[in-house]
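Note sheet for the following structure.
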Amino acid sequence: VQLVESGGGSVQAGGSLRLSCVASGSTFSINAMGWYRQAPGKSRELVAAITWGGGIADYTDSVKGRFTISRDNAKNTMYLQMNTLKPEDTAVYYCNAYARFQREYWGQGTQVTVSS
């Protein structure tokens, strides 16, 4: 499975961005996908995740009510709509796929910068 993210950029606090992650290859093996982020000097954290079949989503507390994860199975694409962005959301955002046989795949990351 190959993952390619897009949609990062720089915005002011309160703004919005939408990230996309396109999966290719053995996408039939994907069970769930998620967005992680890593800020400078911090460990990578799970932001949101979604099951590939049922579309059940979950979020870390700090983004609940502001971020929405979704997927389009026909396009093999996952999205992260980020609203009301805060400076503390600044990080490199990574797309992750969890597949059969406990295999994990990662995208290259996309930078999100929120200025105050």
Task: lysines with Cα under 29 Å of Lys86, excluding same-chain neighbours fewer than 8 positions away - done: Lys42, Lys64
TODO: Rounded to whole Å and sorted largest first, list the principal axis extents of the Cα atoms in the stretch 1-69.
DONE: 38, 24, 22
Open item on the list: With an 8 Å Cα cut-off and a minimum separation of 6 or more residues, compute the relative contact order for the chain in percent.
Closed with: 36 percent
Open item on the list: Need one number: nm distance between label points at Thr60 and Lys42, each 7 Å from Cα along Cα→Cβ, rounded to one decimal.
Closed with: 0.6 nm
TODO: Find the accessible area per residue for the chain; the probe is 1.4 Å, ligands and nucleic acids are left out, and the unit is Å².
DONE: 52 Å²
TODO: Step through the residues of the stretch 17-22 one at a time and calculate ³J(HN,Hα) from phi using the Karplus curve (6.51 cos²θ - 1.76 cosθ + 1.60, θ = phi - 60°), rounding each to whole Hz and writing x for Gly and Pro.
DONE: 9, 10, 9, 10, 9, 9
Open item on the list: When only alpha-carbon atoms are used, what values of Rg and Dmax, in angstrom, describe the chain?
Closed with: 13.4, 43
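The values are calculated or read from the model by the stated rules, or taken from the named source; none is laboratory data. This is a predicted model, so every value here is computed, not measured. Backbone-built Cβ (ideal geometry, glycine too); neighbour counts: all protein chains shown. Surface accessibility is based on the protein's heavy atoms, side chains included, excluding ligands, DNA and RNA. Shrake-Rupley method; radii C 1.70, N 1.55, O 1.52, S 1.80 Å.
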